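Worksheet for the structure shown next.
The values are calculated or read from the model by the stated rules, or taken from the named source; none is laboratory data. No experiment lies behind these values; they were computed from the predicted model shown. So basically every Cβ, Gly included, is an ideal-geometry build from the backbone, and we count neighbours across all protein chains shown.
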Amino acid sequence: MKKIIFFIIILIILGSLGFYFGKVSVLPGNASMIYSRLSGLLPDPALPEKYNWTWQKLIPGDITVYTYPLGKQSFTVPIVYSLPVVKLPMIKDSENFKIKLNISIDFTISVENTVQLAKKGITNLKKLMKLITEKSKNILMNSLANKINDSIKTKRFPDSKNLVSVRVLNQLKTSINSVFKKYKMSFDNLQIFTVFLPDMKKYMVIRNTINQLQANLLNETRIYYSRKNKIAMDKFVANQKINELKDIAKLIRDYPSMLKYFTIKKLSDKIKLVIIPSGNNQLNQNFFKSMFDDLKKSLEVKKNVKQAIKKQK
């Protein structure tokens, strides 16, 4: 009898521990979805007014709880668009050349919505906000870029009232609504507030100044590299000439008689007569005869070139 009573007491203790450790607590104003590694996503949301017990919680590390706030929700998407060209380090007040907007979105989350959110992989409200923020930024950043580019061309700058057109606002609402529809939700309200709009006249003065400086810098850079290339080419030609003179000097050093040959070659267009020395030295006669033949050919080539130029004229 004592054994039976002891066994019953043990069962009661184990049962109490099971009910205690298997309970899923939910804070008021929230709803939770439970994901189990063994069973997958449990179908019923856990609510604060219910006793939420699941045996999967008794297995260490088996479950993950996704918690969502219920009721009216509101969040703000900040939009910052930097005006083009004014992104240089020397512009100390660059913060004054950024358009700043806030998108205020109001929506409601019901218990049924939490099931859809969990099924679609949105495990918390931050992930939903991230999706909406990306959609909003893509639309508004493109809209602001087009608006500013048109304003720069026409020199008609928008004010805070017409910075975002009705068409863009409707496009933004449609895009955000498409996100909510995936989870069987809808937003209650959407508004855009202008936080800061730069002084566009001051911006245009700085923009034009920077463009002029960039043009001058580009021109100076071209001149610099042109001069640098010319200096390099002159240095190359000078080195070639020096090497050529060194070769000639070496040739004259080894064959001194070549000095006369180079002198006549240099003056070939000035002289009309060359006297070949006589003598019994056959080597000298052959050398000067060869030199005379070269000179004669040079004179004939120049004469033919001059005649061809006269015919073309």
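Descriptive notes on the structure:
- The set of residues in segment 40-49 being touching a residue at least 24 places away in the same chain (Cβ under 8 Å) and either polar (S, T, N, Q) or in a loop (DSSP other than H, G, I, E, B) (or both) consists of Pro43, Pro45, Leu47.
- Meets criteria (charged (D, E, K, R) and modelled with pLDDT of 90 or more) for Asp106: yes
- Qualifying residues in segment 140-177 (those that are hydroxyl-bearing (Ser, Thr, Tyr) and in contact (Cβ under 8 Å) with a residue 24 or more places away in the chain) - the one nearest to Ile206 (Cα to Cα): Ser151
- Note on segment 50-101: residues that are at pLDDT below 85, over 26 Å from Ile192 (Cα atoms), of a type in the set (Ser, Thr, Tyr) and part of a strand (DSSP E or B) amount to 0.
- Restricting attention to segment 101-130 and to residues that are aliphatic (A, V, I, L, M) and touching a Pro at 6+ places or on another chain (Cβ under 7 Å), the residue that is farthest from Val65 (Cα to Cα) turns out to be Ile109.
- Listed by first and then second residue, the pairs linking a residue in segment 194-207 that is outside any strand (DSSP E or B) to a residue that is acidic (Asp, Glu) and modelled with pLDDT under 80, with Cβ atoms under 6 Å apart and 6 or more places separating them unless they lie on different chains, form an empty list.
Every residue, every condition in (1) over 28 Å from the mean Cα position of the chain (by Cα); (2) more than 30 Å from Phe107 (Cα to Cα); (3) of a type in the set (D, E, K, R), yes or no:
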position: Val168; (1), (2), (3): no, no, no
position: Met185; (1), (2), (3): yes, no, no
position: Leu190; (1), (2), (3): yes, no, no
position: Thr194; (1), (2), (3): no, no, no
position: Leu217; (1), (2), (3): no, yes, no
position: Thr221; (1), (2), (3): no, yes, no
position: Tyr224; (1), (2), (3): yes, yes, no
position: Lys241; (1), (2), (3): yes, yes, yes
position: Glu244; (1), (2), (3): yes, yes, yes
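- Any hit, segment 31-39, residues being in contact (Cβ under 8 Å) with a residue 40 or more places away in the chain, surrounded by fewer than 16 Cβ atoms within 10 Å (Cβ to Cβ) and over 30 Å from Thr174 (Cα atoms): no
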